[in-house]
1. Of all residues being at pLDDT below 90 and in contact with a helix residue (DSSP H, G or I) (Cβ under 9 Å, 6 or more places away or on another chain) in region 129-154, which is surrounded by the fewest Cβ atoms within 10 Å (Cβ to Cβ)? Just the residue, please.
2. In region 55-71, what count of residues is obtained for those that are in contact with a strand residue (DSSP E or B) (Cβ under 6 Å, 6 or more places away or on another chain) and either at pLDDT below 80 or exposed (fewer than 15 other Cβ atoms within 10 Å of the Cβ) (or both)?
3. What do you reckon, is residue 56 in the same structural domain as residue 46 (by TED's automatic domain parsing) and farther than 20 Å from residue 44 by Cβ?
4. Within region 119-128, take every residue that is within 9 Å of the chain's Cα centre (by Cα) and in contact (Cβ under 8 Å) with a residue 12 or more places away in the chain and give me the one that is surrounded by the most Cβ atoms within 10 Å (Cβ to Cβ).
5. Condition check: in a helix (DSSP H, G or I), touching a strand residue (DSSP E or B) at 6+ places or on another chain (Cβ under 8 Å) and surrounded by 13 or more Cβ atoms within 10 Å (Cβ to Cβ). Does residue 88 satisfy that?
């Protein structure tokens, strides 16, 4: 029984198994606010991404020379190399006008994307997609764009 109590007390002192998020309750105004220190790993080199403040917010990057992996943080994106980031930008360029012009509802578009990619709807963010997924979404956007065009009179 004594050994069982020791095991429980050791477990209570063990840190959380999550290696990607740590929570703080520190705020310069004295309020208790939860902040998350995010640790992301370069998918190519398996090294920790470093961060640098920019006028747009924190930018995380791989410090290995020649590596183009970068990430802006947040829960709706993942680290990506330049090729993937360019493909994601092209996907936004094709998809965003469909909902910004009110041809389609944004929620409906992303639901359709999630169904097409066979992923949960909460994972349907272009910032989370790999190149293959982006190309599939680009094809969807192009087909929806063609459907929305009026027929030309002859």
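The values are calculated or read from the model by the stated rules, or taken from the named source; none is laboratory data. None of the values given here were measured: they were computed from a predicted structure. We place every Cβ from the backbone using ideal geometry, glycine too, and count neighbours over all the protein chains shown.
1. Selected residue: 148.
2. Qualifying residue count, region 55-71: 2.
3. Considered against the rule, which asks whether it is in the same structural domain as residue 46 (by TED's automatic domain parsing) and farther than 20 Å from residue 44 by Cβ, residue 56 comes out as yes.
4. 126
5. yes
Residue by residue, here is whether (1) within 17 Å of the chain's Cα centre (by Cα); (2) in the same structural domain as residue 41 (by TED's automatic domain parsing) holds:
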| residue | (1), (2) |
| --- | --- |
| 62 | yes, yes |
| 69 | yes, yes |
| 87 | yes, no |
| 103 | no, no |
